[in-house]
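Visitor: Let me give you the structure first, and then I'll get to my questions.
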Amino acid sequence: MRTFLGFLSGLVFGLGLVISGMANPAKVLNFLDLAGTWDPSLAFVMAGATVTAFLGYRLVWRRSAPALGGAFDLPTATRIDRPLIVGAILFGVGWGIGGFCPGPAWTALPLLAPGTLVFIPMLLVGLWLGAHSKSLSILNPDGAFR
């Protein structure tokens, strides 16, 4: 049941991305182009997502445990360090260049657009590098980049 509900949630999320235009990199790039052909329509998508998430979290945190799990899995790290900042910058630059963030890129993959076919492999390389950064000696023992 948990797998089915996870699949259903992902399907609804993906459909929302397609319907809202978030899977269209041209629309996303126009939203980010404040000095040129700015398209403010995605601001409504983001506002709707923000309100939905706000209300959803308020309802979920009233529960003692998740509906389909033993306990909430919350991050313990609260420090803002160099890897977090560098990662956020790389995410933003990648989004600005490609017009995709990971969710919409996966949603747009069946369209086989050339930009998507470049973005997804680079996304996977970045995920692999992030997961293996310590073994590749990219980070110092304290977690800071060299």
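The values are calculated or read from the model by the stated rules, or taken from the named source; none is laboratory data. As the structure is a computational prediction, the values presented were derived from the model and not from experiment. Cβ: placed from backbone, ideal geometry, glycine included. Neighbour counts: every protein chain shown.
Visitor: Would you say Gly70 is among the small types (Gly, Ala, Ser), over 22 Å from Leu123 (Cβ atoms) and either at pLDDT 85 or above or part of a loop (DSSP other than H, G, I, E, B) (or both)? Lay out the reasoning, then the answer.
Guide: Working: among the small types (Gly, Ala, Ser): yes; over 22 Å from Leu123 (Cβ atoms): yes; either at pLDDT 85 or above or part of a loop (DSSP other than H, G, I, E, B) (or both): yes.
Yes; evaluated as a whole, the condition is true for this residue.
Visitor: With respect to the numbered conditions (1) farther than 19 Å from Gly130 by Cα; (2) assigned to a loop (DSSP other than H, G, I, E, B); (3) free of Cβ contacts under 8 Å to residues at least 12 places away in the same chain, which one is the sole condition not fulfilled by Arg79?
Guide: Status for Arg79: all satisfied but (1).
Visitor: Gly92: of a type outside the set (A, V, I, L, M, F, W, C), closer than 24 Å to Leu127 by Cβ and either surrounded by 10 or more Cβ atoms within 10 Å (Cβ to Cβ) or at pLDDT 85 or above (or both), yes or no?
Guide: On the way: of a type outside the set (A, V, I, L, M, F, W, C): yes; closer than 24 Å to Leu127 by Cβ: yes; either surrounded by 10 or more Cβ atoms within 10 Å (Cβ to Cβ) or at pLDDT 85 or above (or both): yes.
In short, yes.
Visitor: While we're on this one: Quick check, is Asp39 part of a loop (DSSP other than H, G, I, E, B), surrounded by 13 or more Cβ atoms within 10 Å (Cβ to Cβ) and either without any contact (Cβ under 8 Å) to a residue 40 or more places away in the chain or not polar (S, T, N, Q) (or both)? Spell out how you get there, then give the answer.
Guide: Details: part of a loop (DSSP other than H, G, I, E, B): yes; surrounded by 13 or more Cβ atoms within 10 Å (Cβ to Cβ): yes; either without any contact (Cβ under 8 Å) to a residue 40 or more places away in the chain or not polar (S, T, N, Q) (or both): yes.
Yes: the conditions hold for Asp39.
Visitor: Out of Ala26, Ala35, Ala71, Ala47, which single residue is among the hydrophobic types (A, V, I, L, M, F, W, C) and either within 22 Å of Val12 (Cα to Cα) or within 17 Å of the chain's Cα centre (by Cα) (or both)? Even if it seems obvious, please write down each step before you answer.
Guide: Numbers: Ala26 fails: either within 22 Å of Val12 (Cα to Cα) or within 17 Å of the chain's Cα centre (by Cα) (or both); Ala35 fails: either within 22 Å of Val12 (Cα to Cα) or within 17 Å of the chain's Cα centre (by Cα) (or both); Ala71 fails: either within 22 Å of Val12 (Cα to Cα) or within 17 Å of the chain's Cα centre (by Cα) (or both).
Result: Ala47 is the single residue among Ala26, Ala35, Ala71, Ala47 that is among the hydrophobic types (A, V, I, L, M, F, W, C) and either within 22 Å of Val12 (Cα to Cα) or within 17 Å of the chain's Cα centre (by Cα) (or both).
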